[in-house]
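Read-outs throughout are calculated quantities, based only on the coordinates presented, and are distinct from any laboratory measurement. Values in this document were obtained by computation on a predicted structure and should not be read as measured data. Here the Cβ positions follow ideal geometry from the backbone for every residue, glycine too, while neighbour counts run over all protein chains shown.
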Amino acid sequence: MTATAKLHLRLPATSANLGPGFDALGLAMALYLTIDAETSEAFRIEATGRNADLCASLENNLILTTYTDILTTSNQPVPPLFLRIHNEIPLGMGCGSSAAALLAGVFLASHFGNLNWTGQQILEEAARREGHPDNVAACYHGGMTASTMSGNFVITATCGENLTWNLLLALPSASLATEKARALLPPTYSHADAVANIQNTALLVAAFAQNRKDLLRTAMQDRIHQPYRMEACPLLPRLLPLAGTSGILGVALSGAGPSVLLITDESNPTTLLPLIRQAVEDPTVEILQTTISSGATSLIE
């Protein structure tokens with residue numbers, strides 16, 4: 001027996017690493033992957049929004065691959081699905097598109113395969129498949145979520161869900177594969193760099209927990225991954241100097257890049273667009289305005 005009730009999913013984009021919080025911190029952003037799913041005679045997808053052609057493809061589709069693999073591994077039938085997808089998350093830009101897709105696939109498998117997994121089981125399955133929990137934990141819980149894995153268990157803590165800080169995302173025209181970005185990192189780090197990142201990560205969590213925007217300029221500084229990704233992420237060295245100026249509270253690479261996240265307390269962040277465009281010196285750069293988001297939602301219809 002398989003579930004026949006329709007399932008509605010909404011999963012936010014995420015900006016992981018968040019400066020010094022490498023593989024530990026993620027921030028949910030109000031850009032969403034929205035899915036309406038129901039059983040069908042054959043797999044079908046209708047997609048709108050960003051990268052609609054890729055989202056509509058049945059080939060190499062991470063949502064369907066995850067869904068099918070979980071049910072096959074669980075020795076359950078794999079009912080074909082009709083998915084109506086609307087996507088707002090940039091693909092391949094360090095905005096958590098794969099984490100949202102993985103979580104969607106796990107949600108679908110749990111529902112339509114009658115696995116009836118708890119939210120914690122869904123989160124842990126997605127984190128296991130992602131290889132690290134920072135993006136999927138933030139996508140699931142929302143806000144600024146700190147996470148770690150202990151064996152197969154994911155341990156999380158969330159804060160900052162209600163902060164009114166505004167977010168700007170600067171997106172270059174070319175994407176960057178996470179595997180390539182990971183390959184740029186050194187195998188070891190100095191004691192000084194490790195300590196600096198521990199200190200700044202502690203400050204960053206405090207900034208989100210206590211609404212301390214004055215901490216962000218220092219707290220978002222990193223010595224573990226951003227310096228090694230500058231060449232592959234050319235927007236980063238151009239935008240980092242804006243931190244602490246003109247209402248821009250902090251700047252960091254979004255995920256593994258190449259997008260750059262800017263946090264601001266400006267009530268109208270569009271006033272900052274000329275400053276950002278002057279700094280990047282690239283008219284093809286897209287700038288998205290968004291806010292901190294709550295976590296994933298699922299609704300059985």
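Points worth noting:
- Between the range 153-232 and the range 19-58, the alpha-carbon center distance in angstrom: 23
- Here the range 1-134 is treated with +1 on each Lys and Arg Cβ and -1 on each Asp and Glu Cβ, and its dipole about the Cα centre works out to around 160 debye.
- Computed across the range 166-291, the Kirkwood radius stands at 15.1 Å (inverse of mean 1/r, all Cα pairs).
- Look at the Cα gyration tensor of the range 78-181: its axes a ≥ b ≥ c give a/c of at least 1.5 with a/b at or below b/c, and that counts as oblate.
- Per-pair calculated FRET efficiency, R0 = 51 Å: residue 193 and residue 118 via Cβ, rounded to 0.05: 0.85
- Fluctuation leader among 253, 167, 58 - the chain, Gaussian network, Cα springs under 10 angstrom: 58
- Mean residue ellipticity, 222 nm, helices only, the chain: the sum of -39500 (n - 2.57) across DSSP H runs of n ≥ 4, divided by residue count and rounded to 500, is -9000 deg cm²/dmol.
- Estimated distance in nm for a label pair at residue 51 and residue 69, the labels positioned 7 Å out from Cα along Cα-to-Cβ: 1.7
- Rg of the Cα atoms in the chain, relative to 2.2 N^0.38 Å, amounts to 0.99.
- Extreme residue, positive dipole direction of the chain, given options 70, 158, 43 (C-beta unit charges): 158
- Value of relative contact order over the chain, rounded to a whole percent, pairs C-alpha under 8 Å and six or more apart: 26
- Across the range 1-158, Cα pairs under 8 Å and at least six residues apart give a relative contact order of 29 percent.
- Residue order, fewest to most beta carbons within 10 Å, for 132, 225, 8, 191: 191, 8, 132, 225
- GNM remark for the chain: springs join alpha carbons under 10 Å apart, and the peak mean-square fluctuation among 41, 231, 286 falls on 41.
- The range 39-100: projected area of the alpha-carbon convex hull, averaged over directions, in nm²: 4.4
- Dipole in debye (nearest 20) - the chain, about Cα centre, beta carbon charges: Lys, Arg +1; Asp, Glu -1: 400
- Seen from residue 93, the other residues with C-beta closer than 11 Å to its C-beta sum to a net charge of 0, counting Lys and Arg as +1 and Asp and Glu as -1.
- Assigned charges on the beta-carbon of Lys, Arg, Asp, Glu; the range 166-291 dipole about Cα centre (debye): 180
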